[in-house]
Amino acid sequence: MTTRDARGRFITLEGIDGAGKSTHAAWIAQTLTARGHAVVATREPGGTPLGERLRGLLLQEPMTHDTEALLMFAARREHLEHVIRPALARGDVVLCDRFTDATWAYQGGGHGVDRGRIAALEDWIHGDLQPDVTLLFDVPTEISRARLARSAQAGRALDRFEREQAAFFERVRQGYLARAAADPRRFRTVDSSRPLTDVREHLAAILAEVA
Ligand code: TYD
């Protein structure tokens, strides 16, 4: 057993809005539980009482792009302290719906926040801890936009990010793909434009390999 195995696995889910990540999150948690793991399923921004309040502000209130990045990391600091680190120390699997890759893709890629600043915040808040595995749900932006339009038509109010223009989502998507290409050992990219059963089959194979 290596030192790394002493703590639980840290698995994150990423992808542009409308990529289908949320559709699969509960199924992934169930599959990991069925494989015998104690699973802590959580999300960012959020995951703690304060983090959920910050999420409310982040998804609804207009703010500068820098403030957005700072609040994401403020919520993350609480989340790491109260949820993620204790769970990993217990040996649980932490399944986190979005983490710092989202800050790189959305605030960095989408909103142009200086990369050096994001790197400095990341180093400060969790320089010692990275996800073991990141599942990137990838889909062309036309498909994700069409999915969002359908939920809006069905009466769901879109949040501040979901209301962004197509070009924003394209930059976010490219941001994610660049991160995945730079760290192929950590990332597993899932083609989320395929039928649900195919996506699940791919996910099951990945989960059998990583946890
Ligand atoms: P999302 O995860 O898509 O939740 P839901 O499935 O309930 O809509 O919503 C979170 C939003 O927050 C999403 O638009 C991406 C954004 N976000 C960032 O911009 N930066 C971050 O660091 C994180 C964690 C999320």
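Long-range amide H contacts for Ala41: which residues qualify at under 5 Å (H placed 1.01 Å from N, peptide plane, sequence gap of 5 or more or a different chain)?
Amide H neighbours of Ala41: Leu95.
Multiplying the sequence separation of Thr64 and Ile143 by 0.36 nm and subtracting their Cα-Cα distance, what value in nm do you get?
25.6 nm
Could you point to the residue in Gly91, Met63, Pro45 farthest towards the positive end of the range 22-99's charge dipole, with +1 and -1 charges on the Cβ of Lys/Arg and Asp/Glu respectively?
With unit charges placed on the Cβ atoms, the residue in question is Gly91.
Of all trypsin sites (Lys or Arg not before Pro) in the range 123-175, which ones are in loop regions per DSSP and have a Cβ with at most 15 other Cβ atoms within 10 Å?
Those that pass, being in a loop and sparsely packed, are Arg156, Arg160, Arg163.
Shape call for the range 107-211 from the C-alpha gyration tensor, a ≥ b ≥ c root eigenvalues: rounded (a/c under 1.5), prolate (a/b greater than b/c) or oblate?
Judged from the Cα gyration tensor, the range 107-211 comes out oblate (a/c at least 1.5, b/c at or above a/b).
Which whole-Hz ³J(HN,Hα) couplings does the range 26-33 yield from phi under the Karplus relation 6.51 cos²θ - 1.76 cosθ + 1.60, θ = phi - 60°, glycine and proline marked x?
These are the phi-based 3J(HN,Hα) values: 5, 5, 5, 4, 4, 5, 5, 5 Hz.
Between Arg53 and Asp191, 0.36 nm times their residue separation minus their Cα-Cα distance comes to what?
46.4 nm
Enter the Cα centre distance for the pair the range 189-211 and the range 79-99, rounded to the nearest angstrom.
23
What residues qualify as long-range amide H neighbours of Phe137, i.e. H under 5 Å apart, gap of 5 or more or another chain, H built at 1.01 Å from N?
Amide H neighbours of Phe137: Glu14, Gly15, Val190.
Tabulate in residue order the Karplus-calculated ³J(HN,Hα) for the range 160-174, using 6.51 cos²θ - 1.76 cosθ + 1.60 with θ = phi - 60°, rounded to whole Hz; enter x for Gly and Pro.
So the J values, rounded to whole Hz, are 4, 6, 5, 7, 5, 6, 4, 4, 4, 5, 5, 5, 5, 4, 5.
Once you charge only the Cβ atoms, +1 for Lys and Arg and -1 for Asp and Glu, what is the size of the charge dipole of the chain about its Cα centre, to the nearest 20 debye?
Charge dipole of the chain: 320 debye, to the nearest 20.
If R₀ is 22 angstrom, what is the calculated FRET efficiency for the pair Ala178 and Ala119, using the beta carbon separation as r and rounding to 0.05?
E(calc), rounded to 0.05, equals 0.95.
Can you compute the charge dipole magnitude of the range 103-169 about its Cα centre, using +1 on each Lys and Arg Cβ and -1 on each Asp and Glu Cβ, nothing else charged? Give it in debye, rounded to the nearest 20.
480
Which one of Leu148, His79, Gly108 has its Cα pushed farthest toward the positive end of the charge dipole of the chain, where Lys and Arg give +1 and Asp and Glu give -1 at the Cβ?
Most positive-ward Cα: Leu148.
Per residue of the range 36-50, in order, report the coupling 6.51 cos²θ - 1.76 cosθ + 1.60 (Karplus, θ = phi - 60°) as ³J(HN,Hα) in whole Hz, putting x for Gly and Pro.
Coupling constants for the range 36-50: x, 8, 7, 10, 10, 9, 8, 8, 10, x, x, x, 9, x, 5 Hz.
Please compute the contact order of the chain in relative form: average sequence separation of alpha-carbon pairs under 8 Å and at least six residues apart, divided by the residue count, as a percent.
Here the relative contact order equals 31 percent.
Want the number for His82 to Asp128: 0.36 nm per residue separation, take away the alpha-carbon distance, what's left?
My answer for the length gained is 14.9 nm.
So who's got an amide H within less than 5 Å of the one on Gly47, skipping anything under 5 residues away but keeping other chains? H placed 1.01 Å off N, in plane.
Glu52
Where a number appears in this text, it was derived from the coordinates with a stated rule and is not lab data. Predicted model only: the values in this text are computed from it and were never measured. For neighbour counting, all protein chains shown are included, and Cβ atoms are generated from backbone atoms with ideal geometry for every residue, glycine included.
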